[in-house]
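What follows is one structure encoded as structure tokens, with my remarks underneath.
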Amino acid sequence: MAWVVEGKAKFIVGSAFYRQASQVARDLAILSAAIYQSDTGCLRVLDAMTGCGVRSLRYWLESQADWVWANEANPEISPILQQNLKDVVAAGCCQVTHLNANRVFFDCHTRQDYYDLVDVDCFGSPNPYLSTSLWGTKIGGLLYLTSTDGRTATGHLPENSLRVYGAYARSHPAAHEQALRLLIGAVQQQAASQGLGVEPVFSLFVGQTYRVMLRVLASQSLTTKNYGFIGYCHHCGNYQTVSWRQLGRVICSNDQQPLVISGPLWLGALHQVHQLTRMRALAEEWHWLERVKLLNIMAAEANFPPYFYTLGEIGRRGKMD
């Protein structure tokens, strides 16, 4: 069986799940986790859907995790996990289980055993874990969520988005950013229902995968300013944010045409510039030059409005070829 190398990790895949294209998302998580460990002196990781175990192995090797709980619901790949994580287990720094992720989160909650970083790399809709993943995350800790259900979040299945996110998503040119904002907004709402808050550390869309790293806060952070709606005018291509009080009477500020409304969703920043700066410095230290370039771009866009215009639209408006 062939060995695969990613970062400092060497592992086998076999019949377990592994997507090489998602390495960029894992790299950013490793950087963020390493900074957390440096700040607090402790890093306990719950990898709720570990797959082949590459994330768990890299958190231990590269982020200096003190303890990793590697959970994978499919017991048939246990031999692969045991092989890949044997050094971590032998060091007394890891346990491997084969449980439903929500059962793991409930177990953490009942035992008050909260983790510094909870990584939920699910397939499809994240809906079953939006609330329960908070049960296992420490206040001040990190929650790394995933969605691969792009058709729902980009407005192609608006009825599904209502079920998954409690929001109505419509299709428009900035729909991929909308998917990230729907995910953040849904977690923000779930956190508020538990008396908690979340704030984005970074957000990423790569391939067909949407990932958001969130910091869990001790108090609610949901407001009518950071949780609202986006309006898009199919007539002129203009965007604008729409507040709750404007609903039912909003029109395009450019040509007074009706707007297509998506939301509610997160309207705040997608990234924390300070954290991105620290991640970039660490990436430079580790000679991860491609990640340095990406983090520079993310920092530059951090304070942009909650939408974007495509290059084609910019060219059309500027009357450029």
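Just so it is clear, none of the values below were taken in a lab; they were calculated from the coordinates. Since the model is a prediction, treat every value here as computed from it, not as a measurement. Positions of Cβ are generated from backbone atoms using ideal geometry, with glycine treated the same way; all protein chains shown enter the neighbour counts.
Under a Cβ-only charge scheme (Lys and Arg +1, Asp and Glu -1), can you give me the dipole magnitude of the chain about the Cα centre, in debye to the nearest 20? Don't skip to the end; give the middle numbers.
Numbers: 27 positive and 25 negative charges, 128 e Å.
Taking the Cα centre of the chain as origin, the dipole is about 620 debye.
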- Note on the structure: Classified through the alpha carbon gyration tensor (a ≥ b ≥ c as square roots of its eigenvalues; rounded if a/c is under 1.5, else prolate when a/b is larger than b/c, else oblate), the stretch 101-147 comes out oblate
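So for the stretch 237-321, averaging the separation of alpha carbon pairs under 8 Å that are six or more residues apart and normalising by length, what relative contact order in percent results? Before the final figure, lay out each step's value.
Details: 47 pairs, mean separation 22.6, N = 85.
RCO, the stretch 237-321: 27 percent.
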- What is the spin-label model distance, in nm, from ALA281 to HIS176 if the labels are put 7 Å beyond Cα along the C-beta direction? 3.1
- Note on the structure: Projected onto the charge dipole of the chain (unit charges on the beta-carbon of Lys, Arg, Asp and Glu, signs +1, +1, -1, -1), the Cα from LEU295, GLY140, HIS235 with the largest positive-side position is that of HIS235
- Item | Inter-site label distance for GLU159 and ARG316 at 7 Å from Cα along Cβ, in nm | 3.0
- With a/c under 1.5 counting as rounded, go ahead and sort the stretch 71-119 into rounded, prolate or oblate using the C-alpha gyration tensor (a ≥ b ≥ c being the square roots of the eigenvalues; past the cut-off, prolate if a/b is larger than b/c, else oblate). oblate
- Kindly express, to the nearest 10 degrees and within the range 0 to 90, the angle between helix 273-285's C-alpha long axis and the longest C-alpha principal axis of the chain. 40
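Take LYS138, LYS293 and order them by how many other Cβ atoms sit within 10 Å, fewest up front.
On the way: LYS138 19, LYS293 12.
By the 10 Å Cβ count, ascending, the order reads LYS293, LYS138.
Are there any trypsin sites (Lys or Arg not before Pro) in the stretch 190-259 that are in a DSSP loop and have at most 15 other Cβ atoms within 10 Å? List them by number. List each step's numbers first, then the result.
Details: sites: ARG211, ARG215, LYS225, ARG245, ARG249; in loops: LYS225, ARG249.
Here the sparse-neighbourhood loop sites are LYS225, ARG249.
Neighbouring Cβ atoms within 10 Å as the yardstick, rank PHE308, PHE105 fewest first.
On the way: PHE308 15, PHE105 25.
The most exposed by this proxy come first: PHE308, PHE105.
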- Query: Based on the alpha-carbon gyration tensor of the stretch 32-137 and its eigenvalue square roots a ≥ b ≥ c, which shape applies: rounded if a/c is under 1.5, prolate if not and a/b is larger than b/c, or oblate?
  - Reply: oblate
- Query: What nm distance separates the two modelled labels at ILE139 and PHE106, each placed 7 Å from Cα along Cα→Cβ?
  - Reply: 2.5
